[in-house]
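The values are calculated or read from the model by the stated rules, or taken from the named source; none is laboratory data. These numbers come from a predicted model, not from an experiment. Positions of Cβ are backbone-derived with ideal geometry, glycine not excepted, and every protein chain shown enters the neighbour counts.
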Amino acid sequence: MSARDDCLFCKIAHHQLESDYVYEDDEVCAFRDVSPLAPTHVLIVPKEHYDSVVDGIPATTLAAMIRVATEVAKDEGIFERGFRLVTNVGEDGGQTVRHAHVHLLGGRRLSKDMGETPTRERSL
Ligand code: 5GP
Ligand code: ZN
């Protein structure tokens, strides 16, 4: 399986760097975000490297990521009240780690804010 030497989440997914794992199988792993934005903030990543979720991930892997997010939400006790799944893509999307991941956020009422930077402040 291809892990990139220069990729943080490849290193975490392949245990070259340890993290606070909450789920793992051959295809996907999930671990707690180091800077949580909510009581539950877990990142679900494919073990194989893709730059983002629109970088040609097989549909089966994407489905596995959502299934794992669902299982973790249940394990965390946030499934019934609801939660948020977010995936940032590219610079304008606010992606800071270029390895595909889905954020699972929950355990508090989340705001409707979809981003901090007003359009007029964005340099085109
Ligand atoms: P993005 O901004 O790309 O959507 O999300 C990247 C996330 O990775 C951020 O929420 C950030 O807090 C988290 N993160 C960055 N470095 C690490 C790390 O070394 N370990 C863990 N567990 N999370 C990290
Ligand atoms: Zn990677």
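If you go through segment 74-94 and keep only what is of a type in the set (A, V, I, L, M, F, W, C), in contact (Cβ under 8 Å) with a residue 24 or more places away in the chain and over 28 Å from residue 4 (Cβ atoms), you end up with 78, 83.
Per-residue answers, yes or no, for (1) touching a Cys at 6+ places or on another chain (Cβ under 9 Å); (2) more than 14 Å from ligand 1 (Cβ to nearest atom):
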{"site": "5", "(1), (2)": "no, yes"}
{"site": "13", "(1), (2)": "yes, no"}
{"site": "21", "(1), (2)": "yes, no"}
{"site": "32", "(1), (2)": "no, no"}
{"site": "38", "(1), (2)": "no, no"}
{"site": "53", "(1), (2)": "no, no"}
{"site": "60", "(1), (2)": "no, yes"}
{"site": "66", "(1), (2)": "no, yes"}
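Any idea which of (1) of a type in the set (D, E, K, R); (2) within 10 Å of ligand 2 (Cβ to nearest atom); (3) surrounded by fewer than 16 Cβ atoms within 10 Å (Cβ to Cβ) is the one residue 11 doesn't satisfy? Checking residue 11 against (1) of a type in the set (D, E, K, R); (2) within 10 Å of ligand 2 (Cβ to nearest atom); (3) surrounded by fewer than 16 Cβ atoms within 10 Å (Cβ to Cβ), the one that fails is (3). Restricted to segment 25-44, and to residues there that are among the acidic types (Asp, Glu) and under 20 Å from residue 79 (Cβ atoms), the residue that is surrounded by the most Cβ atoms within 10 Å (Cβ to Cβ) is 33. Among the residues of segment 29-36, is any touching a residue at least 40 places away in the same chain (Cβ under 8 Å), closer than 29 Å to residue 80 by Cβ and within 13 Å of ligand 2 (Cβ to nearest atom)? Within segment 29-36, none of the residues are touching a residue at least 40 places away in the same chain (Cβ under 8 Å), closer than 29 Å to residue 80 by Cβ and within 13 Å of ligand 2 (Cβ to nearest atom).
Does residue 120 fit the bill of being at pLDDT 95 or above, loosely packed, with under 13 Cβ neighbours inside 10 Å, among the basic types (Lys, Arg) and more than 15 Å from the chain's Cα centre (by Cα)? In short, no.
In the set (1) under 16 Å from residue 35 (Cα atoms); (2) exposed (fewer than 14 other Cβ atoms within 10 Å of the Cβ), residue 104 fails one condition alone, (2). Residue 97 passes every criterion in (1) surrounded by 16 or more Cβ atoms within 10 Å (Cβ to Cβ); (2) touching a residue at least 60 places away in the same chain (Cβ under 8 Å); (3) out of contact with any strand residue (DSSP E or B) (no Cβ under 8 Å at 6 or more places or on another chain) apart from (1).
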